[in-house]
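Asker: Next up is a structure, given as structure tokens.
The values are calculated or read from the model by the stated rules, or taken from the named source; none is laboratory data. Just so you know, these numbers come straight off a predicted model, no measurement behind them. Neighbour counts are summed over all protein chains in view; Cβ atoms, including those assigned to glycine, are modelled from backbone coordinates with ideal geometry. With ligands, DNA and RNA removed, areas are computed over all heavy atoms of the protein, side chains included. Shrake-Rupley method; radii C 1.70, N 1.55, O 1.52, S 1.80 Å.
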Amino acid sequence: MTLSGKHILLIVAGGIAAYKSLDLIRQLRAQGADVTPVLTRAGAQFVTPLSLSALAGRKVYSDLFDLTDEAEMGHIQLSRSADLIVVAPATANIMAQMAQGAASDLASTLLLATDTPVMMAPAMNVRMWDHPATQRNLQQLLADGVLCVGPNSGDMACGEYGSGRMAEPAEILAAVAAHFGPKPLLGRRVLVTSGPTREAIDPVRYISNHSSGAQGAAVAAALRDLGAVVEFVTGPADVPPPHGAVVHKVQSAQDMHDQVMALLPVDAAVFTAAVADWRVKSAAAQKMKKTGKELPVLEFTENPDILAAVSQLPVRQRPRLVVGFAAETENLIDHARAKLRKKGCDWICANDVSPQSGTFGGSDSQIHLVTAQEVETWPHQSKQAAARMLAARMAAALGDR
Ligand code: C5P
């Protein structure tokens, strides 16, 4: 990765996450980018102009009516001289200004005056993020073509837990690099399944599993970054779907199967969903009642195997590249090879999920890419990094298919 020759205008708005932007400047510059910081009045409550300029090795711009700056470099020129504008942290307030087209200070004026691509890394309290006004602004900004990284879920500085934590500097750096990187999947349509499925017992009860949807979201984001149109078919996952994907929400395995089939044909398909193998044969139409006597007995029937069904379609309907995932606790490679043959897919990403691997529920994984010809062992890395490797391999394979 190199950002050599790229000029980034970094707008630092007023949030506690502003301290992470100092590290972001360091990481961007380490990749060769030039960074010009712009600090909002509220941002200056959290980081000082001096620390920003020391790390950027440049002057910090902070006041719209600084006449010297206006004489040296007008705000329009400042915004247009950049290859990318990054807003990090993007507070609820600056998102609202951007969505409204307000120009009330230097940062918002730059954002309104520019024709340069804009990327934002939202950071705010979970309730502010979840508020309908912020969600409305987010949709408006995405529709306007603003790129969005994060936010992540986790413990927040305010003591609450939830979505609204700014993406880590490394994640923002990866998104910036992807923005400038090649787009070998432009013009390709790729389907990704993700998350768990829910199988109804009655109208209020269901059977499901612990899949968070993290790997699927990472794969979809990596494919999107390479230029693909991503059809993202997801069960009820914890991790939000990636911005920019076409999201199709489903509940049961049968719904997921029907949705996948309706989206064909596609160039490639990746099956990361943890689909329930069985469903209750006849889910009750009304809530089942405690009788006080006998316990209910559930009879199961098999769900469709979506990966196998798609892999075994006639050539004209089958995606040219079909990738499955296999989570195993023992005999990883043998089981993955057997799965590849049985289902008829092209590749299996085999994943060791034994308790000692730490993969299950963790942020890292080690994938072994199993194809008909070979097994390739990838490094132990974040699910995002693994997803980027997979997307790059898929782009290479589709390129010469
Ligand atoms: O057979 P197993 O569940 O281990 O296979 C895992 C792979 O098959 C994953 O890629 C998963 O998304 C896919 N699968 C599917 N439909 C099912 C079961 C699994 O698409 N009913």
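Asker: Expressed as a whole percentage, what fraction of the accessible surface of the chain belongs to carbon and sulfur atoms when a 1.4 Å probe is rolled over the protein heavy atoms?
Answerer: Details: 10150 of 19390 Å².
So the carbon and sulfur contribution to the accessible surface is 52 percent.
Asker: Amide H to amide H, which residues 5 or more places from residue 119 or on other chains are under 5 Å from it, using H placed in the peptide plane?
Answerer: It is 85, 86, 87, 147, by chain and number.
Asker: Continuing with this model, one more query. Over the chain, how many percent of alpha carbon pairs lie in each 10 Å bin up to the one with the longest distance?
Answerer: Reading upward from the zero bin: 5, 20, 28, 22, 15, 7, 2, 0, 0.
Asker: Could I ask something else about it? Classify segment 157-201 as rounded, prolate or oblate from the Cα gyration tensor: take a ≥ b ≥ c as the square roots of its eigenvalues, call it rounded if a/c is under 1.5, otherwise prolate when a/b beats b/c and oblate if not.
Answerer: On the way: a/c = 4.96, a/b = 1.09, b/c = 4.57.
Because a/c hits 1.5 or more and a/b fails to exceed b/c, segment 157-201 counts as oblate.
Asker: What angle do you read, to the nearest 10 degrees and between 0 and 90, between the alpha-carbon axis of helix 169-180 and the longest principal axis of the chain?
Answerer: With both axes taken from Cα atoms, the answer is about 90 degrees.
Asker: What translational diffusion coefficient, to the nearest whole µm²/s, does segment 189-400 have by Stokes-Einstein, given a Kirkwood radius computed over alpha-carbon pairs, a temperature of 4 °C and 1.567 mPa s viscosity? Present the calculation step by step, with values, prior to reporting the outcome.
Answerer: Values: Rh = 17.8 Å.
My calculation gives 73 µm²/s for D.
Asker: So if a site counts as exposed when it's one of the GluC sites (Glu not before Pro), its DSSP state isn't H, G, I, E or B, and it has at most 12 other Cβ atoms within 10 Å, what's the longest stretch of the chain without one? Show your work: numbers first, answer last.
Answerer: On the way: sites that count: 160, 294, 299, 330, 374.
Here the longest run is 1-159.
Asker: To continue, here is another question. Between segment 251-310 and segment 84-146, what is the separation of their alpha carbon centroids in Å?
Answerer: 39
Asker: What is the angle, in °, between the Cα long axis of helix 253-263 and the longest principal axis of the Cα atoms in the chain? Nearest 10 is fine, range 0 to 90.
Answerer: Once rounded, one gets 60 degrees.
Asker: Could you state the number of Å between the C-alpha centres of segment 312-370 and segment 31-58?
Answerer: 45
Asker: Take the chain, connect every pair of alpha-carbon atoms lying under 10 Å apart with a spring to form a Gaussian network, then pick out the residue of 109, 329, 371 with the largest mean-square fluctuation.
Answerer: Most flexible of the set in this elastic network: 329.
Asker: Now a separate question. Excluding same-chain residues fewer than 8 positions from residue 290, which lysines have a Cα within less than 25 Å of its Cα?
Answerer: 281
Asker: Mind checking the angle between helix 18-30 and the chain's longest principal axis? C-alpha axes, 0 to 90 degrees, to the nearest 10.
Answerer: The angle comes out near 90 degrees.
Asker: Which distance in Å, rounded to a whole number, links the C-alpha centroids of segment 175-201 and segment 210-244?
Answerer: 5
Asker: So what is the accessible area of segment 292-375 per residue, in Å², with the probe set to 1.4 Å?
Answerer: Details: 4990 Å² over 84 residues.
Accessible area per residue, segment 292-375: 59 Å².
Asker: Further question on the same structure: In Å², and per residue, what accessible area does segment 70-206 have when probed at 1.4 Å with the other protein chains present? Don't skip to the answer; put the middle values down first.
Answerer: Values: 5850 Å² over 137 residues.
Heavy-atom SASA per residue in segment 70-206 reads 43 Å².
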